[in-house]
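Asks: Take this structure, written in structure tokens, and hold onto it; I'll ask about it next.
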Amino acid sequence: MSRAIQITAYGGPEQLKLAELPVGEPGPGEIRIRHVACGLNFIDVYQRTGLYANPLPLTLGMEGAGIVEAVGEGVTHLRVGDRAAYASQPPGAYCERRVMPAKCVVQLPEGIAFDTAAGMMLKGLTAQYLLNKTRPVEGLEPGDFVLFHAAAGGVGLIACQWAKALGLQLIGTAGSAAKCQLALEHGAAHAIDYSREDFVARVKEITGGKGVKVVYDSVGKDTFEKSLDCLRPFGLMACFGNASGPVPPFYPGNLGPKGSLYLTRQTLFTHIATRESTQKMADDLFGMVLAGKVKIRIDQRYPLAEAATAHRELEARKTTGSTVLVP
């Protein structure tokens with residue numbers, strides 16, 4: 001049996017209930033992992049509310065780290081006793097133990113702690129594919145400007161550091177002066193407090209009126225239209241979340257007059273659909289962390305049983321960096 005956080009109906013944080021669930025043995029292509037730490041992400045909120053629907057009852061959580069307890073037939077890259085970490089479908093990380101597909105689980109290097117791994121796998125792999133694989137048609141070169149919303153969050157702080165390592169000038173937005181300072185301390189070239197400033201005007205000022213080559217936007221409804229106005233001709237609007245709500249229906253014809261813009265909606269799970277791509281991306285992330293180019297901030301830790309409190313703090317924009325749940 002395993003303690004787990006489960007929902008039986010969509011709704012607010014009050015739907016998160018502690019349950020005792022059977023675990024069982026891994027089948028072909030699966031492993032059983034004992035979690036040391038589990039990650040908290042905004043996608044968990046989307047799944048809790050039903051914005052991203054899943055069959056109920058549902059154990060939440062897309063990210064975790066721990067020890068491999070059992071290995072199913074056909075799994076060759078993991079062994080019993082291995083330190084391991086993942087960002088993976090299907091949901092189910094909010095628990096002590098789980099059986100899950102092995103293809104998105106990777107060995108965790110000794111130099112990276114379990115809570116660090118649990119706080120960085122989904123977020124770090126997201127930053128990896130955004131900055132390295134989701135690029136404008138004209139490419140990105142050292143010195144180029146990019147705009148990154150929610151720059152003081154888990155993905156944002158990793159992206160600030162990674163962008164600096166690539167030589168990019170990342171303009172970050174955040175909702176307070178303190179969060180802007182945090183983004184600057186982590187490598188952002190500029191930070192805009194959107195609670196006090198018009199971020200479109202500031203972006204144009206910073207870039208000498210040219211705009212940025214790409215906007216990375218996980219906020220959604222509240223920033224979408226203005227983000228398009230921050231782009232230079234042939235720029236890329238890269239949406240990868242909707243923390244403020246989904247973007248309303250949009251007329252593609254509007255992209256033409258704004259500069260023949262490109263628009264994409266990205267998801268991590270397309271990028272880690274194969275064992276090979278997952279390992280390659282994870283190796284890149286681990287290399288950046290072990291080299292000290294990216295440091296992972298775990299700013300909040302909650303016992304697993306307090307997952308509802310963690311969700312409330314996340315939705316209230318009271319968190320910075322990464323948050324982990326401890327079974």
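Asks: Only bridges with both residues in the chain count here: give the DSSP antiparallel percent, nearest 5.
Replies: Numbers: 30 of 56 bridges.
Roughly 55 percent of the beta bridges in the chain run antiparallel, per DSSP.
Asks: Where in the stretch 101-123 does the label zone of residue 326 land, with the point 7 angstrom along Cα→C-beta and an amide N cut-off under 16 Å?
Replies: Label zone hits: 113-119.
Asks: Whose amide H sits under 5 Å from the amide H of residue 223, counting only residues 5 or more places off or on another chain, with H placed in the peptide plane?
Replies: none
Asks: For the stretch 133-143, in order, what is each residue's ³J(HN,Hα) by Karplus, 6.51 cos²θ - 1.76 cosθ + 1.60 with θ = phi - 60°, in whole Hz (x at glycine and Pro)?
Replies: Coupling constants for the stretch 133-143: 10, 10, 10, x, 4, 8, x, 10, 10, x, x Hz.
Asks: Per residue of the stretch 184-194, in order, report the coupling 6.51 cos²θ - 1.76 cosθ + 1.60 (Karplus, θ = phi - 60°) as ³J(HN,Hα) in whole Hz, putting x for Gly and Pro.
Replies: Listing the rounded values in order: 4, 5, 9, x, 4, 6, 9, 9, 10, 7, 5 Hz.
Asks: Check which residues have an amide H placed less than 5 Å from residue 64's amide H, if you skip close sequence neighbours.
Replies: Counting only residues 5 or more places away or on other chains, the set is 39, 86.
Asks: Then there is this: So what is Rg over Rh here for the stretch 135-265, counting just Cα atoms and using Kirkwood for Rh?
Replies: In the stretch 135-265, Rg relative to Rh is 0.93.
Asks: I would also like to ask the following. Can you grab the distance from the C-alpha centre of the stretch 254-327 to the C-alpha centre of the stretch 109-129, Å, no decimals?
Replies: 9
Asks: Report the residues of the stretch 19-54 in range of a label on residue 316: point 7 Å along Cα→C-beta, backbone N strictly under 20 Å from it.
Replies: What the label zone holds, given the 20 Å backbone N cut-off, is 40-46, 48-49.
Asks: Next question, about the same structure. Give me the percent relative contact order of the chain, please, defined on Cα pairs under 8 angstrom at least 6 residues apart.
Replies: Computed over the chain, the figure is 18 percent.
Asks: Which pairs break 26 Å Cα to Cα here: 204/293; 133/258; 123/293; 103/213; 17/318; 17/280?
Replies: Too far apart for the 26 Å limit: 204/293; 103/213; 17/280.
Asks: Which value in nm describes the separation of the simple spin-label points at residue 166 and residue 133, placed 7 Å from the Cα toward the beta carbon?
Replies: 1.3
Bear in mind these aren't lab numbers, they're just calculated from the coordinates by the rules spelled out. Bear in mind the structure is a predicted one, so any value in this text is a computation, not a measurement. FYI the Cβ positions are ideal-geometry reconstructions off the backbone, even for glycines, and counts take in every protein chain you see.
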